[in-house]
1. Give me, ordered by chain and number, the residues 5 or more places off VAL223 or on other chains with an amide H under 5 Å from its own placed amide H.
2. Of ASN152, ASN162, ASN134, which has the largest mean-square fluctuation in a 10 Å C-alpha GNM of the chain?
3. State which stretch of the chain is the longest one without any exposed trypsin sites (Lys or Arg not before Pro), exposure meaning a DSSP loop state and at most 13 other Cβ atoms within 10 Å.
4. Could you work out the Rg to Rh ratio of segment 130-224, with Rh taken as the Kirkwood radius (inverse of the mean 1/r over all Cα pairs)?
5. So what is the 222 nm mean residue ellipticity for the chain from helices alone, if each DSSP H run of at least 4 adds -39500 (n - 2.57) and you divide by all residues, rounding to the nearest 500 deg cm²/dmol?
6. LYS116: which lysines have alpha carbons under 20 Å from its alpha carbon, excluding same-chain residues fewer than 8 sequence positions away?
7. May I ask you to evaluate 6.51 cos²θ - 1.76 cosθ + 1.60, the Karplus curve with θ = phi - 60°, for each residue of segment 251-267 and list the ³J(HN,Hα) values in order in whole Hz, giving x for glycine and proline?
8. Picking from ASP117, ASP279, ASP47, which is most flexible by a Gaussian network model of the chain using Cα springs under 10 Å?
Amino acid sequence: MKRNIFACLSLLASALFLTVSSAAAASTYPSKPIRIILPFGPGSSTDVIMRIIIAPLAKSLGTTVYVDPKPGADGAIAALEVARAAPDGYTLGVGSGSPMAAVPYLRKNPPYDPVKDFTPIVDLGRYTVFLYVNSALPVHTFQQFVDYVRRNPGKLSYATGNASGIVAFAQLCTLTGMKMLSVPYKSAPPAMMDLVAHRVDAMMDPPTTALPYVRKGQIRALVTTLKARSPLLPDVPTIYEAGVPQFSITNWMGLIGPAGMPADVVKRLNKAFSEALHDPQVQTQLQGQAFMASPSTPAEFGAFIKEQEKSYAELLEKSGFKPQ
């Protein structure tokens with residue numbers, strides 16, 4: 001009997017110690033630099049936008065916050081490293097459609113579960129995306145592009161820097177009856193270089209790397225995939241104006257961490273990033289990237305990830321994609 005009582009007291013003491021230790025860790029957080037692993041390479045839209053967002057965080061969090069690009073495998077390499085990290089709030093990652101919604105469907109044996117293996121922290125916002133073609137193509141409007149591809153089935157190619165681009169083109173081709181070749185890249189910047197050099201014919205991407213080439217006439221922006229025109233290129237119509245109102249892919253970005261993070265740490269990070277998104281200087285710079293901030297609670301972002309995973313799976317299945 002005494003032995004059982006002693007065992008119970010030991011378990012209670014251990015549980016109390018862990019609770020107190022966790023609370024103490026949360027109350028002193030952060031006490032060292034915070035690393036944010038990016039699923040795409042240096043110079044990508046995600047890289048540029050995250051650097052803008054974290055600029056004021058050194059002051060609000062009292063420590064250095066830095067990015068660590070780990071491109072490859074449609075963002076799965078970066079996401080897997082986040083999932084395997086200690087849940088102490090010092091290794092975080094970017095959650096987006098590619099690693100969190102597309103990869104789980106496209107892999108027969110997904111390397112992680114986008115819901116169970118991560119902690120949602122905050123929704124950061126939405127990218128503005130344009131459909132670009134290289135200047136050698138004899139098309140200047142979206143309808144001309146569709147007609148030209150239909151007349152040349154399987155002869156034209158599109159570049160993608162992530163799985164979200166694959167999903168977007170898959171839906172676009174399904175809706176318009178186009179047949180194109182997919183050319184995947186580890187990240188968007190090298191894909192954009194090949195579009196400019198006429199090695200590929202089309203690409204969907206935010207304006208971060210593309211805008212200078214559009215203004216020089218080296219590539220053409222035919223439509224934006226959002227429901228409103230972008231002030232960066234106000235003469236470019238939306239895909240809805242161009243006659244494809246069924247197009248539904250939205251490019252999004254949020255902050256995630258490993259599963260099991262302390263609630264107080266998540267709350268602190270959510271508050272800091274939400275405040276950064278309301279910083280006037282940050283907002284001005286994000287507008288220059290045509291990125292629309294949409295801060296949320298952790299619960300709201302978690303529900304959004306679940307919805308996006310289901311939506312991507314349905315779209316890929318309808319488009320004929322099979323897990324590999």
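1. Answer set, sorted by chain and number: LEU131.
2. Of ASN152, ASN162, ASN134, the most mobile in the Gaussian network model is ASN152.
3. 1-107
4. Result for segment 130-224 is an Rg/Rh of 0.92.
5. Rounded to the nearest 500, the figure is -13500 deg cm²/dmol.
6. LYS108, LYS267, LYS306, LYS310
7. Per-residue couplings from phi come out as 8, 10, 8, x, 9, 10, x, x, 4, x, 5, x, 4, 5, 5, 4, 4 Hz.
8. ASP279
Computed from the coordinates by the stated procedures, all read-outs in this text should not be read as laboratory data. Worth saying up front: this structure is predicted, and the values here are computed from it rather than measured. Cβ coordinates were reconstructed from backbone atoms using ideal geometry, including for glycine residues, and neighbour counts include every protein chain displayed.
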